[in-house]
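The values are calculated or read from the model by the stated rules, or taken from the named source; none is laboratory data. Only a predicted model underlies this, so the values are computations on that prediction, with no experimental measurement involved. Every residue, glycine as well, gets a Cβ built from its backbone with ideal geometry; the counts of neighbours run over all protein chains shown. Calculation scope for accessible area: heavy atoms of the full protein, side chains included, ligands and nucleic acids excluded. Shrake-Rupley method; radii C 1.70, N 1.55, O 1.52, S 1.80 Å.
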Amino acid sequence: MPGVEEFYRQPLFGIAITVMLYAAALRLNKRLNWLNPLLVAAGGLIVLLLICDIPYEDYKVGGDVVTFFLGPATVALAVPLYKSARKMKGRLRAIVLGSVIGCITGLLSACLLVWSLHGSRDILLSMLPKSVTSPVAIEVARQIGGIPELGGVFAVLTGLFGSIAGPWLLNKTGVHSDIAIGTSMGTAAHGIGTARILRDSELQGGISGFAMGLSCIITPILCIPIYFLR
């Protein structure tokens with residue numbers, strides 16, 4: 001139907017359906033707190049597009065508007081960081097050291113995973129920056145010879161997995177320190193993980209935002225040798 005197809009191409013459709021699904025996912029998360037709202041919203045969106053046979057290109061017209069606001073949303077993570085700055089004084093060494101170790105571990109884990117599954121070199125180079133925020137991961141993957149789009153996918157999947165399993169794993173292993181939780185989540189699961197623990201603790205969210213920024217600096221530096229050896 002031409003009228004319906006034209007409606008799908010309107011930016012308002014992509015924006016409205018994304019916001020409504022995420023709002024519904026948040027309400028569902030209040031009843032079932034083990035369900036990650038971002039994962040539920042993304043899954044629901046995929047199912048809706050498939051069932052209604054809506055081309056992704058039509059949804060993307062409005063989806064790109066939502067994507068645009070990811071930048072300001074990421075910058076807004078500086079607010080809890082500013083509020084937590086005083087409590088972080090005297091602990092910067094621990095945060096920086098934890099972030100450096102976390103970045104190294106993230107690179108080594110990517111190598112081990114790809115090697116154990118007999119993956120190609122392109123997949124390895126695309127997966128190496130998986131633990132940094134998507135725009136950085138895409139650019140690092142491009143610079144070291146990987147596939148930028150695949151680098152972005154790995155970064156999003158890493159953030160989703162970290163936001164779901166991270167708090168549970170830290171709790172099960174007896175990690176309750178705000179510094180440890182914030183540093184590990186920000187380093188391993190970037191903005192998605194930071195937004196997750198920000199719902200529980202503003203201090204943890206502030207530390208996580210700082211660690212996320214550190215990882216976006218440390219990881220590209222660690223990848224410099226790969227750039228010259230590609």
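Of note:
- Which listed pairs, of LYS60/LYS172; LYS60/LYS83; LYS30/LYS172, have C-alpha distances above 28 Å, in listed order: LYS60/LYS172; LYS60/LYS83
- Highest mobility in the GNM of the chain, judged by mean-square fluctuation with C-alpha springs under 10 Å and restricted to GLY209, GLY43, GLY98, is found for GLY43.
- Remark: the range 7-21, residue by residue, has Karplus-estimated 3J(HN,Hα) of 5, 4, 7, 6, x, 4, 5, x, 5, 5, 5, 5, 5, 5, 5 Hz, where x stands for each Gly or Pro and the curve is 6.51 cos²θ - 1.76 cosθ + 1.60 at θ = phi - 60°.
- Solvent-accessible surface of the range 76-229, averaged per residue with a 1.4 angstrom probe and all protein chains in place: 52 square angstrom.
- Over 19 Å [Cα-Cα, the range 141-230], rounded percent: 42 percent
- Estimated inter-spin distance, LEU70 and VAL96, nm [label 7 Å along Cα→Cβ]: 3.0 nm
- Nonpolar atom fraction for the range 4-68, defined as the carbon and sulfur part of the 1.4 Å probe accessible area, stands at 70 percent.
- Entry for Cα extents along the principal axes in Å (calculated from the structure that is shown) out of [x] 56, 45, 29; [y] 66, 37, 26; [z] 61, 43, 30: [z]
- Cα-centre dipole for the range 55-132 with unit charges at Cβ (Lys and Arg positive, Asp and Glu negative), debye to 20: 820 debye
- Binning the C-alpha pair distances of the range 4-68 at 5 Å intervals from 0 yields a P(r) profile of 4, 19, 26, 24, 14, 9, 4, 1 %, listed from the shortest bin outward.
- This model, with +1 at the C-beta of Lys and Arg and -1 at the C-beta of Asp and Glu, gives the chain a dipole about its Cα centre of some 1100 debye.
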